[in-house]
Structure formats: structure tokens, C-alpha cells
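Working notes, beginning with the structure itself.
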Amino acid sequence: MTGAPISRGFRGRGGGTNSRVPPGQHLVEDFPVLSAGPTPPVDLANWRLSLDDGDSPLAEWTWQQFLALPQTDLTVDIHCVTTWSKLDTHWKGVSIDTLLEAAGLTEPPQPYVLAHCDGGYTTNIPAEDLLDGKAMIAFEFEGEELDPEHGGPARLLVPHLYFWKSAKWVQKLQFVDPEIPGFWEENGYHIYGDPWREQRYDGD
Amino acid sequence: MTATETASATAPKKQWLTATVREVIDETPRVRSLVLDVPGWPGHRAGQHVDVRLTAPDGYQAQRSYSIASAPVENAITLTIEMLPDGEVSSYLAGEARVGDMFELRGPIGGYFVWTPDLDGPLFLVAGGSGVVPLMAILRERAIRKAPQPATLLFSSRSYEDIIYRAELDTLAGEGSGLRIFHTLTRGAPAGWTGQTRRIDAGMLSEIGFAPGRMPRIFVCGPTPLVESVARTLRDLGHSPKLIKTERFGPTGR
Ligand SMILES: Cc1cc2nc3c(=O)[nH]c(=O)nc-3n(C[C@H](O)[C@H](O)[C@H](O)COP(=O)(O)OP(=O)(O)OC[C@H]3O[C@@H](n4cnc5c(N)ncnc54)[C@H](O)[C@@H]3O)c2cc1C
């Protein structure tokens with residue numbers, strides 16, 4: 001970085017840089033929690049996951065039906081916009097490819113997705129960013145069922161984007177065109193959110 | 001160029017600005033406030049935060065988020081930082097930094113955990129430790145702007161010495177201020193202490209907070225376990241999740 005003022009006396013923790021850590025990020029061992037409001041209570045009996053094309057329903061699964069779909073394991077690094085990254089996290093879930101297939105679709109009906117969650121949270125992602133094994137609806141973390149505070153029973157997992165895109169307590173993926181900015185995207189965060197390009201805030 | 005790139009190209013990039021330490025204030029043995037001169041600062045709303053970036057002489061950089069403690073109307077940006085054992089950035093900001101030292105920041109960030117005097121409804125603020133920082137910006141703003149909404153702060157600290165802004169909070173809660181402050185100390189209280197001495201629970205929240213029917217605007221900030229349990233309990237007590245805003249600062253504690 002040219003032009004950045006030196007902070008006198010700051011040395012940092014050193015320890016070299018890790019090529020798996022995007023710029024401006026640092027590694028953590030624990031798993032910080034960030035969300036805008038209270039953690040919603042879990043009610044598996046009434047839990048539903050649905051896919052919509054605009055306002056038309058495409059498919060819907062109960063918790064039992066969802067768990068009966070083919071499952072995928074994923075080991076990935078995750079990157080939060082508040083600058084922590086966590087390496088080699090293990091997840092189990094149902095890939096978005098599998099969901100599309102189960103809904104009888106060969107490709108996304110619209111180019112963008114708006115994810116809707118319990119509590120009203122939303123986030124937007126280009127549909128192609130959810131395909132080819134890049135994303136899943138995860139229900140297990142490190143071999144255990146996903147904690148409610150981390151999005152349990154199920155969250156979207158899009159590890160190649162900043163973690164606010166990995167919407168907790170996800171209930172619906174709505175395919176849309178044009179793109180509709182979600183909750184943080186409306187609140188000044190970047191519309192896409194690539195950690196490797198440091199797309200933290202609107203305009204980055 | 002994709003549609004995504006077009007959309008983001010319309011907004012100006014948030015600039016890194018140079019902050020120079022104007023004043024250092026010891027708040028508690030482990031917490032310091034830094035009053036900063038930040039030429040070009042665009043202004044903020046109470047509750048927002050900044051990203052701070054430190055650069056070492058060898059070019060190494062580290063970046064963290066810090067809430068703004070000063071009210072928007074004050075002519076300065078104040079950050080209040082708790083020193084964490086082995087903390088890379090906090091040990092610099094709350095330990096090493098002196099008047100005249102420089103680092104970068106950009107912001108303000110966050111359009112959600114914010115309060116302005118034109119929001120109606122009583123204010124219920126719940127803080128754990130340094131989680132009081134963005135709530136202090138709200139209380140300072142409320143006082144300076146003479147906002148009429150009644151306000152209550154429930155503040156959990158480890159010990160009496162660890163209460164951040166203790167004297168200023170007492171002053172803010174003076175006669176006719178409409179502000180009530182309740183402290184709870186979780187790791188031992190001094191002789192003669194009349195406040196609470198347990199972790200925040202349902203009994204405390206219903207006794208101290210406003211009734212759900214009054215539709216208080218609730219801001220909860222602190223370490224994750226505190227925020228999780230307070231937000232869940234408030235919800236169970238009948239407060240609308242839509243009126244409960246949370247900000248979580250720390251690790252999970254697990
Ligand atoms: C929106 C936002 C606003 C924030 N505002 C403030 C603020 O106003 N004042 C403030 O002091 N901090 C604030 N924080 C926390 C701050 O960003 C840093 O996480 C904190 O200063 C630790 O950074 P560090 O580099 O010193 O520690 P690191 O080097 O990152 O970590 C050192 C050790 O401390 C642990 N740790 C990290 N954070 C915490 C914590 N908060 N409590 C206990 N242990 C921790 C880590 O797990 C690690 O083991 C805020 C965080 C967010 C996301």
C-alpha cells in the first residue's frame with residue numbers, strides 16, 4: 001500500500017502471511033457470531049425451504065424431505081467482512097445443484113438470487129455463484145448439527161464470498177431479474193462481496 | 001462487464017482517511033479512548049463504526065472494526081478500545097498509541113445499528129463491557145440534542161473499576177435527564193455496592209426495561225454470549241424482534 005501512514009510503534013503479530021488469507025483479513029480459531037437481531041427459535045416441524053421463480057413457487061421441502069436429498073461434504077475457508085477468516089471449516093449440506101435438480105430444473109430460471117431468512121434478513125447473489133458445487137444449504141458444522149446462533153437448523157453457505165452472503169436461517173431462494181440488493185447490501189455493503197478483491201462496502 | 005460491476009461502479013469508494021491522535025483518555029485500567037483528528041471525515045450517526053487500519057514500518061497491515069463513541073454533533077471522532085491480552089490491534093490502540101500517532105480509518109459503516117433523535121419510543125440499551133461504546137454515542141447524542149425519549153441503560157461490567165465511562169454516565173443520568181442507569185457487576189462488587197451482581201437475566205430485563213407494550217427501541221451490544229442470551233430473553237418477554245438491534249463484538253467464548 002503506497003501512501004499509508006506508518007503507525008509508530010506498531011509491529012503486528014508478524015508470523016508471515018498465508019496465501020490462503022485474503023487482503024485485510026486475519027485468522028481466528030474460534031467462530032465469531034454476527035447477526036443483526038436475535039437468533040430465531042428453531043421449529044423443525046414448521047421448517048420449510050422453498051425455491052421461487054419471481055413470485056411463482058418452484059419447489060418446497062419440509063425438514064424431512066430436505067434431509068432425504070443427496071448430501072455433500074465441503075471443507076472450505078470462510079471470510080467475514082469484519083476481517084476474520086477461518087481455515088478448513090467442515091460442512092455438510094445439500095448443494096444448490098442438487099436442489100435445482102430435485103426441483104426439475106437444469107439451470108436457474110433467472111440470473112440472480114435473493115435469499116430470504118427467518119427474521120426478515122435477505123441477501124443477494126448471482127445465481128451462477130451458487131452452482132457447480134460452489135454453494136450449499138448447510139445443516140452440519142464440524143460434524144455436529146449447526147448451532148442456532150450460527151444459522152441452525154440450516155444456512156446458505158457461499159464460502160467464496162464474504163460471509164454475510166452465507167445467510168443464516170435461510171428459508172427461501174428466490175430467482176429474480178434484475179438483481180435486488182439484500183439487507184446489508186441496502187445498508188452500504190458491497191453488492192457482490194468478493195474477499196479477494198476486498199469488496200467490503202458499496203463502491204469498493 | 002457484468003451487471004454486478006455496473007451496479008457497484010455507481011457508488012463512491014469509501015476512502016481511507018488519516019487519523020491523528022489528538023488526546024488519550026484512560027477510561028479504566030484496560031480501556032482507553034482516543035480522540036482523533038480526521039480531516040475529510042464525512043460525519044456519522046450514533047451507533048455506526050469505522051474500520052481501522054494499522055501499518056507497521058515493514059508494510060505489514062492489520063485491520064479491525066471499532067464503534068464510534070462520540071456523538072455526531074461533537075467535532076471529533078472518539079474510539080474507545082479495550083485492551084485484550086495478546087490482541088494485535090487493541091494492544092496498540094489501547095496501549096502503545098500516543099498523541100500525534102497516526103493510523104488510517106474509513107467509515108462511517110453500518111446503517112442498521114443506529115439511532116437518531118427523530119426515532120420515537122423509549123430507548124432501552126443493554127451493554128456488556130466495551131459493548132457500551134456505540135450505546136454511549138447514542139446517549140451522548142440524546143443528551144446534546146435534548147431528545148425527549150426516556151432512556152434506560154443496563155450495563156454489565158466485571159468489576160467496579162472496569163465500568164467504562166462511569167463518571168460521565170452518572171452525569172448524563174442526572175436530575176431531569178430522563179435517563180436511568182443500572183449497573184451489574186459479574187465478578188465481585190465493592191463494599192456498600194447497591195447495584196446488581198449477577199449476569200443479566202429475565203428478571204432483571206423485565207424489572208429494568210420498558211414494558212413491551214411501550215414499544216421500546218432496544219439496542220444490545222457486547223460479547224456474543226451476552227448478546228445471544230439477552231436478545232433471546234427479550235424476545236421471550238414479548239418484545240418484537242424487529243425492535244431489537246444487536247451488535248456482537250467478540251469471539252464465541254467456546
Ligand atoms: C462492529 C464492531 C465494532 C466494534 N467496536 C469495538 C469497540 O468500540 N471497542 C473495542 O474495544 N472493540 C470493538 N470491537 C472489537 C474489535 O474489532 C477487535 O475484535 C478487538 O479489539 C480485538 O482485536 P485485536 O486485534 O486486539 O485482537 P486479535 O489479535 O484479533 O485477537 C486476540 C485474542 O482475543 C480474542 N478476541 C478478539 N476479540 C475479542 C473481544 N472483543 N473480546 C474478547 N476477546 C476477543 C481473539 O479470539 C484472540 O484470541 C468491535 C467489533 C465489531 C465487529
* Cα centroid separation - region B:165-229 against region B:69-106, whole Å -> 25
* Asked: By how many nm would the segment from A:S50 to A:E128 grow when fully extended, if each residue of separation counts as 0.36 nm and the alpha-carbon distance is taken off?
  -> 26.3 nm
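Just in region B:172-244: which GluC sites (Glu not before Pro) are loop by DSSP and have at most 12 other Cβ atoms within 10 Å? It would help to have the intermediate numbers written out before the result.
Details: sites: B:E175, B:E207, B:E228; in loops: B:E175.
Listed in order of number, the matching sites are B:E175.
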* Asked: Using only helices, what value at 222 nm comes out for chain A when you add -39,500 (n - 2.57) per DSSP H run of length 4 or more and divide by the total residues, to the nearest 500 deg cm²/dmol?
  -> -1500 deg cm²/dmol
* Structure fact -> Computed over the protein assembly as shown, protein heavy atoms only, probe 1.4 angstrom, the accessible area per residue in square angstrom equals 43
* Shielded by partner chains, region B:225-239 residues - at least 50 Å² of accessible area, 1.4 Å probe, vs chain alone -> B:E228, B:R235
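Would you please give the FRET efficiency between B:A211 and A:L105, computed as 1/(1 + (r/R0)^6) with r the Cβ-Cβ distance and R0 = 45 Å, to the nearest 0.05? Could you put the intermediate results ahead of the total?
Working: r = 49 Å, r/R0 = 1.09.
E(calc), rounded to 0.05, equals 0.35.
Tell me the net charge near B:I164. Cut-off is 14 Å between Cβ atoms, B:I164 excluded, with +1 for each Lys or Arg and -1 for each Asp or Glu.
-2
Using a 1.4 Å probe on protein heavy atoms only, how many Å² of accessible area do A and B hide from each other, summed over both chains and rounded to 100?
Working: alone 10890 and 12920 Å², together 19610 Å².
Buried: approximately 4200 Å² between B and A.
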* Between region A:168-204 and region A:40-112, what's the alpha-carbon centroid distance in Å? -> 17
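Restricting to bridges with both residues inside the protein assembly as shown, how much of the DSSP beta-bridge set is antiparallel, in percent to the nearest 5? Display every interim value, and only then the final one.
Working: 65 of 95 bridges.
About 70 percent, rounded to the nearest 5.
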* Vicinal HN-Hα couplings computed from phi for region B:68-75 (Karplus, 6.51 cos²θ - 1.76 cosθ + 1.60; Hz; Gly/Pro x) -> 8, 8, 7, 6, x, 6, 6, 8
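Hey, any idea what % of the protein assembly as shown's accessible area is carbon plus sulfur with a 1.4 Å probe?
Working: 9900 of 19610 Å².
Roughly 50 percent of what the probe reaches on the protein assembly as shown is carbon or sulfur.
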* Amide H to amide H under 5 Å from A:A154: which residues, 5+ apart in sequence or cross-chain, H placed 1.01 Å off N in plane? -> A:W169, A:V170
* To do: Output ³J(HN,Hα) for region A:106-116: one whole-Hz value per residue in order, computed from phi by the Karplus curve 6.51 cos²θ - 1.76 cosθ + 1.60 with θ = phi - 60°, and x for Gly and Pro.
  => 9, 8, x, x, 9, x, 10, 10, 10, 8, 10
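Tell me, what is the FRET efficiency for A:D177 and A:E29 to the nearest 0.05, using R0 = 45 angstrom and their Cβ-Cβ distance as r? Intermediate values should be presented prior to the final figure.
Details: r = 41 Å, r/R0 = 0.91.
In this case the efficiency is close to 0.65.
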* Under a point spin-label approximation (7 Å from Cα along Cα-to-Cβ), what is the A:E142-B:D58 distance to one decimal in nm? -> 3.0
* To do: Could you check the simple spin-label distance between B:D201 and B:R98, using points 7 Å along Cα→Cβ, in nm with one decimal?
  => 4.9
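Using helices alone, I'd like the mean residue ellipticity at 222 nm for chain B: each DSSP H run of four-plus residues gives -39500 (n - 2.57), total over residue count, nearest 500.
On the way: 5 runs with 47 residues, N = 254.
Computed ellipticity for chain B at 222 nm equals -5500 deg cm²/dmol.
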* To do: Go through region B:72-100 and flag every residue whose accessible area shrinks by 10 Å² or more with all protein chains in place compared to the isolated chain (probe 1.4 Å).
  => B:D86, B:E88, B:Y92, B:E96, B:R98
* What FRET efficiency comes out for the pair B:Y112/B:L237, r = Cβ-Cβ distance, R0 = 25 Å, nearest 0.05? -> 0.65
* Asked: A:G203's amide H: which non-local residues (gap 5+, or another chain) put their own amide H closer than 5 Å, with H modeled 1.01 Å from N in plane and none for Pro or chain starts?
  -> A:I191, B:A11
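With respect to the cross-link table entries A:K86/A:K168; A:K92/A:K134; A:K86/B:K14, which display a Cα-Cα separation exceeding 20 Å?
On the way: A:K86/A:K168 17 Å; A:K92/A:K134 13 Å; A:K86/B:K14 26 Å.
From the list (A:K86/A:K168; A:K92/A:K134; A:K86/B:K14), the Cα-Cα distance tops 20 Å for A:K86/B:K14.
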* Asked: Do you know which residues of region A:152-196 lose at least 40 square angstrom of accessible area in the protein assembly compared with their chain on its own, with a 1.4 angstrom probe?
  -> A:N187, A:I191
* Under Karplus coefficients 6.51, -1.76 and 1.60, residue-wise ³J(HN,Hα) of region B:123-128 in Hz, glycine/proline x -> 10, 10, 10, 10, 10, x
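The values are calculated or read from the model by the stated rules, or taken from the named source; none is laboratory data. Remember, predicted model here, so these are calculated numbers, not experimental data. Counting neighbours? That spans all protein chains shown, and the Cβs are built from the backbone with ideal geometry, glycine included. Ligands, DNA and RNA are excluded from the accessible area calculation, which covers all protein heavy atoms including side chains. Shrake-Rupley method; radii C 1.70, N 1.55, O 1.52, S 1.80 Å.
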